[in-house]
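First comes the structure, then the notes that go with it.
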Amino acid sequence: MKFSSSYEPDQFEADIYAAWEAAGVFKPSVPTVPVDNDSDGIDDRFENNFRHYSIVMPPPNANGNLHIGHGLTVALEDSLTRYYRLKGASTWYVPGADHAGFETWVVYERELEKSGHTRFEYSRDELYTRVWDFVEMQRGNMELQLRALGASCSWGDLTFTLDENVVDRVYTTFEKMWNDGLIYRGEKLVNFCPKHQTAFADIEVEHKDEKGTLWDIAYDDVIVSTTRPETLFGDAAVAVNPEDSRYKDLIGKTVHLPLTDREIPVIADEHADPEYGTGAVKITPAHDFDDFEVGNRHDLPRLQVISEDGHMINVPEKYEGMTTEECRKQVLKDLKEQDLLKGEKKIVHSVAHCYKCGTVLEPMLKEQWFIDVEKLAKVAIEHLENNEIKFYPENKQKVLINYLGNLKDWNISRQIPWGIAIPMFRKVTKEATDEPDWIFDRRVNLQSIEKSGVTYVRDEDTFDTWFSSSHWPIVCTDWSEENPTPYYPLNVMETGADILFAWVARMIMMGLYVTGEVPFREVYLHGLVLDEHGQKMSKSKGNVINPMELVAKYGSDAFRLGILRGRSAGMNQAFSENSVVSGRNLCNKLWNISRLVQSIVDEDEDVSGEYQTNNQGEDWICREINNCLKEVEKDMKTYRFSEAVETLYSTIWDEYADWFLESQKIFRNVPLLKITLEHLLIALHPFAPFVTEAIWQNLSWTDGFIITKEWPSKLVYDPITAEQFENIRTIVSEVRTTLQALGGSNNSKKYGLLFDNDSIVEDNLLLIKSYTKVPEINYLNGAPRGLRLALANHELYLDVPENVVNDYRDTLTEKILSVGRELDALNLRMSNPNYVEKAPEYLVKETRDQIKEKEALIDRLKTQLELI
RNA sequence: GGGCUUUUAGCUCAGUUGGCUAGAGCGCAGCAUUCACAUUGCUGAGGUCACAGGUUCAAGCCCUGUAAAGCCCACCA
């Protein structure tokens with residue numbers, strides 16, 4: 001006997017994981033590149049879908065630790081992987097690590113600052129090397145944590161987002177897009193973080209409502225309203241609404257720009273809202289997104305008055321070099337002195353912030369690389385509307401289509417050194433007028449290149465990480481034009497619902513652009529893991545749960561079972577340690593179940609051979625296990641993880657342990673015990689990989705690894721006999737309930753049972769005795785006495801003395817009343833002719849049968865009451 | 001301003017094409033104790049399914065509206 005009395009996860013987990021890895025069981029069993037594919041008459045596509053199962057991990061930050069969301073991701077993805085592996089598919093779960101461009105850069109820059117240095121002391125290339133080393137030092141942590149969570153991923157295929165093949169693929173796509181005219185260099189307003197000195201894509205910007213002030217400033221006869229007086233030096237016009245009668249006469253004239261000697265035109269534009277402020281608005285094309293558009297419509301000059309580091313430039317000397325904040329104060333003061341400040345109002349408006357440091361973002365005129373997304377989005381929408389990708393939850397499909405329909409061009413330039421260098425070189429030889437201003441070249445290790453006597457220097461920017469990660473399904477599966485792997489498209493993309501737009505949308509666009517196919521067949525989006533009160537976890541609130549601590553405390557399986565509990569696609573749901581405790585309990589229960597089965601097997605060592613069923617309980621458990629397997633299969637197909645776990649939980653605990661195993665203490669059926677336990681272990685394995693493998697390795701008769709076994713086939717049993725077991729369960733339950741209802745303590749020790757002619761009871765005396773724990777069951781000699789079990793309707797009596805029976809009168813009366821109420825409801829339904837006519841026949845028949853049953857039950861209960 | 005989601009037991013959630021007496025885990029109350037497991041077993045209490053209408057023989061589920069909570073998108077100077 002190798003089983004200790006409780007399951008101790010830390011005694012097994014590390015060894016088991018190491019053994020799996022050593023045995024190579026995580027690798028796909030069918031090669032990932034196509035082998036010579038002889039025609040065997042089977043449709044390749046069908047065969048591919050049938051035999052391969054591929055899933056890639058959303059790459060965790062190589063530099064960080066896993067958080068609770070990663071814990072959920074791994075629990076979901078690994079359960080799928082293990083399930084399909086058991087189902088016989090060649091599964092390929094590709095792990096990844098993210099260089100996390102901006103995130104990591106922020107961390108690194110903080111380290112630099114701590115050591116008293118700044119980014120300006122180093123060249124871009126030096127910084128890149130330094131960050132690389134910094135990340136390299138940390139990288140192992142994340143991988144160890146994935147192992148502790150039990151991720152059965154193919155480690156040899158781990159993809160880092162800066163791997164050579166990733167960079168190659170990204171450059172190939174970029175070159176193709178450049179040649180296709182989908183990439184352009186544009187001077188546009190971009191959201192710029194003055195602290196981090198980089199631009200962002202629209203999607204990375206965090207808008208927050210903030211209190212601000214709306215000032216009214218007199219520009220001659222026109223009073224404009226603005227929240228940013230300091231930008232007035234960049235004004236190119238004043239706009240009024242063409243329908244606004246107040247200003248009609250002014251359109252086309254000029255007004256004097258305060259604090260300067262400039263005159264600017266008054267223009268008519270829809271942008272000006274007559275209802276807002278004074279109805280006249282100053283137009284600053286270089287520092288406001290709306291104004292930029294207005295400027296384009298009216299061909300206005302873009303005057304930049306704020307530098308990238310947030311200081312005033314190109315302004316009257318007095319203001320030159322001030323920060324925007326200082327300048328605002330000074331401008332307001334000067335305006336007031338000249339009596340040009342006509343009013344102020346407190347307002348709440350939405351302000352763009354850096355999602356990392358919270359700094360207010362400055363709209364900044366910059367030359368950047370943009371992707372013209374219109375065509376890409378259009379193709380993506382077509383495929384989505386064609387239902388080529390199935391979404392869980394379903395509604396995200398529409399949400400995504402809607403998003404893609406309104407997408408603006410995508411800024412892919414970032415001014416940070418940590419990332420994939422943009423492979424573009426700018427012409428610096430001025431005389432070469434015939435040559436293009438920019439050329440594509442992969443030699444980004446060079447700062448400058450020569451081409452037919454012309455010198456070009458490399459753009460120092462790097463790619464937005466979403467640009468490279470939009471290739472994730474392609475690069476992880478090593479797809480290529482020459483060798484399109486059967487593992488692409490992925491069977492499923494599992495990731496967070498919060499990055500539907502940032503990542504999923506872009507993977508779809510890029511997958512279609514590069515391969516012509518959608519990158520995955522299904523998408524499962526998980527929601528946020530909230531704390532137990534439904535609050536978002538955050539460091540500042542101090543409610544962050546570290547998954548690795550829970551793994552250490554309760555075991556990896558317990559964590560996985562716990563985090564899957566009560567969770568459904570796309571929903572932000574609460575999580576508490578309780579659910580992990582319940583998972584831990586299940587593991588221990590299964591361990592002890594196995595311990596008991598093993599002990600029976602040990603005692604009856606010589607029994608072997610095929611299983612067969614010999615009594616009601618045995619047929620019944622076969623039926624229940626079959627149902628459970630069917631349910632789990634259905635749940636896995638529809639990504640209902642929580643339900644799958646719940647089904648297994650109750651089958652293992654409430655049915656196998658509480659009913660079947662108890663019966664097996666009397667009837668021992670070793671072959672059946674073995675096969676049923678194996679079935680349950682295999683079925684639970686996707687969710688609780690370690691404890692099931694630990695048990696598998698400890699059982700005397702099993703061999704190999706459970707991880708590579710076959711998903712159980714259905715058990716053979718007799719359905720009629722199985723159903724008879726329900727009788728026994730009803731009898732036992734009624735005995736228990738009645739004993740409890742009698743009040744007092746130790747009832748099950750005090751009273752025995754009496755039975756009369758009743759084959760079910762007679763055949764199962766020992767079993768009933770064992771379940772109910774009554775001291776004895778005797779044949780009833782003479783007239784019935786005690787309490788007859790009226791619900792179960794069997795010739796079985798609780799042998800209790802008359803005074804105790806009397807105490808039971810109230811319970812009985814109450815029972816008669818409640819059954820009577822149910823009967824009334826049924827009769828009412830039948831008295832409705834529409835019901836009898838329109839409801840399906842089987843329902844009407846069912847109602848009739850139930851009425852009969854209830855009537856009979858009331859009769860029995862009444863008879864009994866009279867007897868008392 | 002547009003869109004999405006949620007509202008079911010004390011808490012966290014199921015309830016898949018409408019079908020009768022709405023489920024689970026945790027928590028709570030009572031009973032049990034040399035039994036594989038106290039990380040246990042047995043029993044029980046607890047719900048006008050947010051609200052108001054409507055469709056239907058039948059509504060937690062479908063439709064309309066209201067309220068509350070949360071999220072996303074958008075240029076409000």
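The values are calculated or read from the model by the stated rules, or taken from the named source; none is laboratory data. Remember, it's a predicted structure, so these values are computed and weren't measured experimentally. Glycine gets a Cβ as well: all are built from the backbone with ideal geometry, and neighbour counts include every protein chain shown.
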- Scanning for something within 30 Å of A:Arg736 (Cβ to Cβ) and at pLDDT 95 or above, does segment A:683-691 turn up at least one residue? yes
- Count of residues meeting criterion [crowded, with 18+ Cβ neighbours inside 10 Å, more than 12 Å from RNA strand B (Cβ to nearest atom) and hydroxyl-bearing (Ser, Thr, Tyr)] in segment A:750-775: 1
- Filtering segment A:519-549 down to residues that are within 14 Å of RNA strand B (Cβ to nearest atom) and aliphatic (A, V, I, L, M) yields A:Leu525, A:Leu528, A:Val529, A:Leu530, A:Met537, A:Ile545
- Cβ-Cβ under 9 Å pairs, at least 6 apart or on other chains, segment A:615-636 side free of Cβ contacts under 8 Å to residues at least 12 places away in the same chain, far side of a type in the set (D, E, K, R) and assigned to a helix (DSSP H, G or I): A:Lys634/A:Glu643
- Task: Would you mind finding the one in A:Thr278, A:Thr323 that is within 14 Å of A:Val224 (Cβ to Cβ) and polar (S, T, N, Q)?
- Result: A:Thr278
- Taking segment A:660-698, which residues are surrounded by fewer than 21 Cβ atoms within 10 Å (Cβ to Cβ) and in a loop (DSSP other than H, G, I, E, B)? A:Lys665, A:Ile666, A:Phe667, A:Arg668
- Please state which one of A:Glu846, A:Glu814 is out of contact with any Gly (no Cβ under 6 Å at 6 or more places or on another chain), of a type in the set (D, E, K, R), without any contact (Cβ under 8 Å) to a residue 12 or more places away in the chain and under 30 Å from A:Gly743 (Cβ atoms). A:Glu814
- Note on the structure: If you go through A:Tyr656, A:Tyr717, the only one that is within 24 Å of A:Leu766 (Cα to Cα), modelled with pLDDT of 95 or more, among the aromatic types (Phe, Trp, Tyr) and crowded, with 22+ Cβ neighbours inside 10 Å is A:Tyr656
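Every residue in segment A:243-271 that is assigned to a loop (DSSP other than H, G, I, E, B) and touching an Asp or Glu at 6+ places or on another chain (Cβ under 7 Å), please.
A:Leu257, A:Leu259, A:His271
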- Query: Just for helices (runs of 4 or more DSSP H) wholly inside segment A:769-846: which have at least 1 residues that are within 21 Å of A:Asp859 (Cα to Cα)?
  - Reply: A:802-807, A:809-830
- Here are some residues: A:Asn803, A:Asn778, A:Asn727, A:Asn747. Which one is more than 50 Å from the chain's Cα centre (by Cα) and within 16 Å of RNA strand B (Cβ to nearest atom)? A:Asn747
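With the requirement that a residue be near RNA strand B (Cβ under 8 Å from one of its atoms), closer than 22 Å to A:Ser538 by Cβ and in contact with a helix residue (DSSP H, G or I) (Cβ under 8 Å, 6 or more places away or on another chain), what does segment A:553-571 give you?
A:Gly566, A:Arg567, A:Gly570
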- Message: Can you tell me which of (1) free of Cβ contacts under 8 Å to residues at least 24 places away in the same chain; (2) away from RNA strand B (no atom under 14 Å from the Cβ) is the one A:Pro265 doesn't meet?
- Response: (1)
- Would you list the helices (runs of 4 or more DSSP H) that sit entirely within segment A:443-545 and hold 1 or more residues that are buried (at least 23 other Cβ atoms within 10 Å of the Cβ), in contact with a helix residue (DSSP H, G or I) (Cβ under 9 Å, 6 or more places away or on another chain) and aromatic (Phe, Trp, Tyr)? A:465-469, A:472-476
